[in-house]
Amino acid sequence: MINYVKSENYRLLRKKGLYITSIVSLLLITAAAFVLHFLGENETNFPYATSTFFYSNVMAGSLLIIIVAFVFNQSLTGKDISVIKQSVSFGVSRNTIFWAKLLLPLCYFLFLCVIGLLLMIVLGENLLFSEGNSIGNFLLASLNMLPLILGAYFIIHILKMLKVGDLYTLILLLVVFMFSGDFLRLLFRPVSGLQEVYKYAPSSLLNENLMDFMDHGAALDYRYWIVGMLISVASLSLGARRFAKQNID
């Protein structure tokens, strides 16, 4: 198992796409901060040169974060999925393959997220007008997002391991994390007692998290963690069982 993990880590670190994605992500964060700073310095009454607005892009950009997670996971579940048969023939268990390909890219993805958050705080507090407890609100809102982003990452992983096409994977992610609240609201509107179910949809929670942050009222909310854990446990348990029985071509 250790040798397999080491080989996967070696393969992962040789993926240029990860470095390009990481550098581009950090450059976009830096560019956004400097653009807001420049406009704030040169435009009269420009209202968006604030740390709160800058940080809000994280909450509003959940889909972009999920796409970055997709790129990281694909580093070991894209073309490299074709070598699974060879790994199994050498005695590596499917369980080891499933979890190694899940956890290795996840560690690097979370590391990038931490670097990105720290970079945003440094830029936001030094280049932009800091509004009240903006850092505290930013960190609380980010913690609320974390279980949902992890849930999205796990969905990506099981679909890639089960060889579901990228287009279908992205469509499912879009539906679940962007439109699920609207769908559930329409679906359960005529059903007495279920009209409020849509508030627990991932898209509704992400929108509420953004609004609370903009109103300087971010607070840890158990609903994000319950929904995120349900998505994670359901997707991983189902995915691991399906992969264990899947024919490997």
- Working only within the range 100-116, note down all residues that are free of Cβ contacts under 8 Å to residues at least 60 places away in the same chain and open to solvent by 50 Å² or more (accessible area, probe 1.4 Å). Leu103, Cys107, Leu110, Phe111, Val114
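Residues in the range 68-92 that are touching a residue at least 24 places away in the same chain (Cβ under 8 Å) and either closer than 28 Å to Asn137 by Cβ or of a type outside the set (A, V, I, L, M) (or both): how many?
Initial filter on the range 68-92 (touching a residue at least 24 places away in the same chain (Cβ under 8 Å)): 68-78, 80-81, 84-85, 87-88, 92.
Pick out the ones that are also either closer than 28 Å to Asn137 by Cβ or of a type outside the set (A, V, I, L, M) (or both) and you get 68-70, 72-75, 77-78, 80, 85, 87.
Result for the range 68-92: 12.
Does Phe243 satisfy the condition of being part of a helix (DSSP H, G or I), touching a residue at least 12 places away in the same chain (Cβ under 8 Å) and under 19 Å from Leu64 (Cβ atoms)?
Numbers: part of a helix (DSSP H, G or I): yes; touching a residue at least 12 places away in the same chain (Cβ under 8 Å): yes; under 19 Å from Leu64 (Cβ atoms): no.
It is false that Phe243 is part of a helix (DSSP H, G or I), touching a residue at least 12 places away in the same chain (Cβ under 8 Å) and under 19 Å from Leu64 (Cβ atoms).
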- Hey, could you check the range 45-67 for residues that are in contact (Cβ under 8 Å) with a residue 40 or more places away in the chain and of a type in the set (Ser, Thr, Tyr) and say which is nearest to Met211 (Cα to Cα)? Ser56
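Sort out which residues of the range 59-99 are at pLDDT 85 or above, outside any helix (DSSP H, G or I) and open to solvent by less than 50 Å² (accessible area, probe 1.4 Å), and write them in order of number.
Filtering the range 59-99 for residues at pLDDT 85 or above gives 59-77, 93-99.
With outside any helix (DSSP H, G or I) added as a condition, the list becomes 61, 93.
Selection gives Gly61 alone.
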- Residue check, Leu186 among the aliphatic types (A, V, I, L, M) and within 19 Å of the chain's Cα centre (by Cα): no
- Complete set of residues in the range 62-93 that are over 25 Å from the mean Cα position of the chain (by Cα) and not aliphatic (A, V, I, L, M): Ser82, Lys85, Gln86, Ser87, Ser89, Phe90, Gly91, Ser93
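Can you name the helices (runs of 4 or more DSSP H) wholly within the range 125-196 that have at least 3 residues being open to solvent by 70 Å² or more (accessible area, probe 1.4 Å) and either farther than 24 Å from Leu238 by Cβ or of a type in the set (Asp, Glu) (or both)?
Values: elements: 134-161, 166-174, 180-188.
Output list reads 180-188.
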- Query: Pairs, please: C-beta under 8 Å, at least 6 apart or cross-chain, first residue without any contact (Cβ under 8 Å) to a residue 12 or more places away in the chain and in the range 179-190, second polar (S, T, N, Q)?
  - Reply: Phe188/Gln195; Arg189/Gln195
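Please determine, by comparing only the residues of the range 20-56 that are in a loop (DSSP other than H, G, I, E, B) and at negative phi, which one is least open to solvent (accessible area, probe 1.4 Å). Full working, then the answer.
Within the range 20-56, the subset in a loop (DSSP other than H, G, I, E, B) is 43-49.
Add one more test, that the residue is at negative phi, and what stays is 43-44, 46-49.
Working: Glu43: 100, Thr44: 121, Phe46: 60, Pro47: 83, Tyr48: 109, Ala49: 18 Å².
Ranking the qualifying residues of the range 20-56, first place goes to Ala49.
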- Any hit, the range 152-174, residues being closer than 30 Å to His37 by Cα, touching a residue at least 24 places away in the same chain (Cβ under 8 Å) and of a type in the set (A, V, I, L, M): no
- Query: Which one is surrounded by the fewest Cβ atoms within 10 Å (Cβ to Cβ), of the residues in the range 206-239 that are part of a helix (DSSP H, G or I) and among the small types (Gly, Ala, Ser)?
  - Reply: Ser237
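Condition first: hydrophobic (A, V, I, L, M, F, W, C) and either open to solvent by less than 100 Å² (accessible area, probe 1.4 Å) or in contact (Cβ under 8 Å) with a residue 12 or more places away in the chain (or both). Now tell me which residues in the range 1-19 satisfy that.
Of the residues in the range 1-19, the ones hydrophobic (A, V, I, L, M, F, W, C) are 1-2, 5, 12-13, 18.
Matches in the range 1-19: Met1, Val5, Leu12, Leu13, Leu18.
The values are calculated or read from the model by the stated rules, or taken from the named source; none is laboratory data. Quick caveat: nothing in here was measured; it's all calculated off a predicted structure. Cβ atoms come from the backbone with ideal geometry, glycine included; neighbour counts cover every protein chain shown. Accessible surface is based on the protein model in full, side chains and every heavy atom, while ligands, DNA and RNA are left aside. Shrake-Rupley method; radii C 1.70, N 1.55, O 1.52, S 1.80 Å.
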